[in-house]
Each structure stands twice: as structure tokens, then as C-alpha cells.
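Trainee: First the structure, which I've put down as C-alpha cells, then a few questions once you've had a look.
Laboratory data are not the source of any read-out in this text; all were calculated from the coordinates shown. Predicted, not measured: the structure shown is a model, and the values here were computed from it. Reconstructed Cβ throughout: ideal geometry from the backbone, glycine too, with neighbour counts over all protein chains shown.
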Amino acid sequence: MARPVIHILNGPNLNLLGSREPGIYGHQTLDDIARDCTALGGDLGLETVLQQSNHEGALVDMIQAARGLAAGIIINPAAYTHTSVAILDALSAFEGPVIEVHLSNIHKRENFRRHSYVSARADAVIAGCGAQGYLLALHHMADLIAPSST
Ligand code: DQA
């Protein structure tokens, strides 16, 4: 049987992970994260598709494309977290669970990072766990989409 597909979407500047402010975002690259998600997804019976864009409209297109295809979305909208009603609206039109991930603890940083538009739609939010946050999100996603035992 086909495994449920989880789309893992990443916003601007996350293509630079590994070299971008490693004291805040860690040393793992997005490719490292994709590899770890693929491995854990396999253990959890999930297929993962990781995508990244620096462009708001492209992220909206990715979210729309996930409709009817993905069982769930894990998203780190990066800076668009704090600005994008368009990404919130696109996620609101997605029928499955949504988990918001941030590598850093956005509540411990500048004030402008404390507000997330995406949190109004997210079923769960993980912040401050570094790259491990994506793996925690996958574990929780597996629970959220598991068929009910009743
Ligand atoms: C981030 C936090 C955002 O405030 C920031 O703009 C990012 C990354 C994080 O993963 O910690 O680019 O989403």
C-alpha cells in the first residue's frame, strides 16, 4: 500500500542552513535534514518530500499543490512566519494536519519574531529544538494521521 506523503516546506534563507548563523540555526544543512527526515519517515511508514523556496508566492504554490496529495504539511516558513497572511490562507485551504517548525526559539529572540501568522492554522508548533524539531514534527505527524483505532 502507498505510504502517506508528508510535505516538508521551508522558507527563505533555509537553503543556507549549515553556514547561516550556525550559533542560532545549527550546523546541519537542509540536505542533512532531508536525509534524516527520509530515514525517520521510512521507520514511521511515511514518505517525505522536502522543498524550499526563497519566494512567498512559490511557497503558496507548494501549499496549494499539496492539496489532495499530501497527508500533512510540516512547514518552517522562516521570515514569512511573521509577515505572511498569504501563507496562512493557503494553509487554511489545506485539509490535513499542519505542523509549524522553527529551529530557533522564536519567543526568546527579537520581539518581531514572537508573532506567527501561521500558528493560527498550525495543529502544533515546535520551536527551539534545532534540526531535531523536524524529526519531532514527523513523529507527531505520524500520530495525527494514524487511522483511529475505534
Ligand atoms: C526561523 C525563525 C525565523 O524568525 C527566521 O526568520 C528564520 C528561521 C527558525 O527556524 O528558527 O529564517 O523560522
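Trainee: Per-residue ellipticity at 222 nm for the chain, helices alone: DSSP H runs ≥ 4 residues times -39500 (n - 2.57), over residue total, nearest 500 deg cm²/dmol?
Mentor: Using -39500 (n - 2.57) per qualifying helix, the result is -10500 deg cm²/dmol.
Trainee: Please report, for the Cα atoms of the chain, the Rg to one decimal and the Dmax as a whole number; what are they, in angstrom?
Mentor: 14.4, 47
Trainee: Also: Compute, for the stretch 5-145, the length of the dipole vector about the Cα centre, with Cβ point charges of +1 (Lys, Arg) and -1 (Asp, Glu) only. Units Debye, rounded to 20.
Mentor: Here the size comes out at about 400 debye.
Trainee: Let me ask another. Longest segment of the chain with no trypsin sites (Lys or Arg not before Pro) in a DSSP loop having at most 16 other Cβ atoms within 10 Å?
Mentor: Here the longest segment lacking exposed loop sites spans 21-66.
Trainee: Now, a different point. Projected onto the charge dipole of the chain (+1 at Lys/Arg Cβ, -1 at Asp/Glu Cβ, origin at the Cα centre), which of Pro22, Val101, His55 gives the Cα projection farthest towards the positive end?
Mentor: The residue sitting most towards the positive pole is Pro22.
Trainee: Could you work out the local net charge near Val5, counting Lys and Arg as +1, Asp and Glu as -1, over the other residues with Cβ closer than 13 Å to its Cβ?
Mentor: +1
Trainee: Right, next: Let me have the relative contact order for the chain, percent, based on Cα pairs under 8 Å that are six or more residues apart.
Mentor: 26 percent
Trainee: Exactly which GluC sites (Glu not before Pro) in the stretch 27-117 are in a DSSP loop and have at most 15 other Cβ atoms within 10 Å?
Mentor: Counting only loop positions with at most 15 other Cβ atoms within 10 Å, the GluC sites (Glu not before Pro) in the stretch 27-117 are Glu95, Glu110.
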